[in-house]
Amino acid sequence: MKDFLPLMLDLSGKAVVIFGGGHVGERKAALFCEHAHVIVVSKEFTPRLIELSEKGKINLIKADLSETGISEFLKNAFIVIPATNDAILNEKIAELAGKIGILIDRVDGLGDIIVPSVIKRGDIVIGISTHGQSPALSKYIRERIEEAITPGFAEMSKLQNELREVLKTRVEDQKKRRKILWSIINDYEVWTALGESYDKAYMLASKHIDRNIND
């Protein structure tokens with residue numbers, strides 16, 4: 001099994017080329033089009049892919065794939081996804097992409113990257129992966145974590161970020177700033193207030209700063 005390192009990637013302006021216009025290609029295109037420039041190469045496309053293209057979210061290229069043609073479509077690609085219904089063709093695409101150092105996202109999990117199951121709460125992003133061994137278990141873990149990481153965590157993240165900036169202007173000692181922020185995270189009243197009003201939570205959290213500065 002490969003030893004994968006969890007990373008966050010900024011794909012702005014990067015090209016993700018998907019070979020295959022079926023349901024797997026559709027799922028990958030729907031995911032990556034929110035973060036990158038997506039090109040789908042295939043002889044046919046699902047209605048959803050056509051819809052995404054009409055909305056300007058992806059580019060569709062209708063083509064039969066030969067080795068020469070594949071190489072042409074690999075130019076400027078950052079990530080390549082072989083997702084045709086032809087296993088031999090998928091292997092050829094992966095082989096050609098690998099030779100020129102392009103990252104490969106294979107649906108069998110044997111490529112260079114694995115897209116995890118994701119939980120997003122505002123600026124909080126949590127990825128869960130079983131290295132492709134059990135997508136069902138990834139889903140199960142995600143659902144359990146979703147129960148614990150409520151939308152209030154996104155508000156707490158926003159609150160912490162704002163108060164960090166305030167503390168930089170009022171508290172010189174970094175250890176003391178961390179202590180204050182930690183005390184806010186552990187304040188049940190602040191969490192409760194976040195469920196009612198962000199302003200109320202901010203006011204309660206600010207009292208931690210005042211108390212610690214005056215101590």
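Structure data summary
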{"item": "Cα long-axis angle, helix 135-148 against the chain (0 to 90 degrees, to the nearest 10)", "result": "20 degrees"}
{"item": "Rounded if a/c under 1.5, otherwise prolate or oblate - the stretch 1-126, Cα gyration tensor axes", "result": "oblate"}
{"item": "Selection from PRO82, GLN174, TRP191, by position along the positive dipole direction of the stretch 56-213 (Cβ)", "result": "GLN174"}
{"item": "Summed side-chain charge close to GLU196 - residues other than GLU196 whose Cβ falls under 14 Å, Lys, Arg +1, Asp, Glu -1", "result": "-2"}
{"item": "Separation between Cα centres of the stretch 1-72 and the stretch 92-146, rounded to whole Å", "result": "15 Å"}
{"item": "Non-local Lys pairs in the stretch 67-212, i.e. 8 or more apart or on different chains, that have alpha carbons under 25 Å apart", "result": "20"}
{"item": "Under 17 Å from the Cα of LYS57 - lysines, other chains or at least 8 residues apart", "result": "LYS14, LYS28"}
{"item": "GluC sites (Glu not before Pro) restricted to DSSP loop in the stretch 1-92 with at most 12 other C-beta within 10 Å", "result": "GLU34, GLU44"}
{"item": "Length-normalised contact order for the chain - Cα pairs under 8 Å, 6+ apart - percent", "result": "12 percent"}
{"item": "Using alpha-carbon coordinates, inclination of helix 174-185 to the longest axis of the chain, degrees", "result": "80 degrees"}
{"item": "For ILE18, residues with placed amide H under 5 Å, excluding near neighbours", "result": "ILE39, VAL40, VAL41, ILE81"}
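Here, each number is a calculation from the coordinates, and none is a lab measurement. In this text, all values refer to a predicted model and were calculated from it rather than measured experimentally. Quick reminder, even Gly has a Cβ in these numbers, built from the backbone with ideal geometry, and neighbours come from all protein chains shown.
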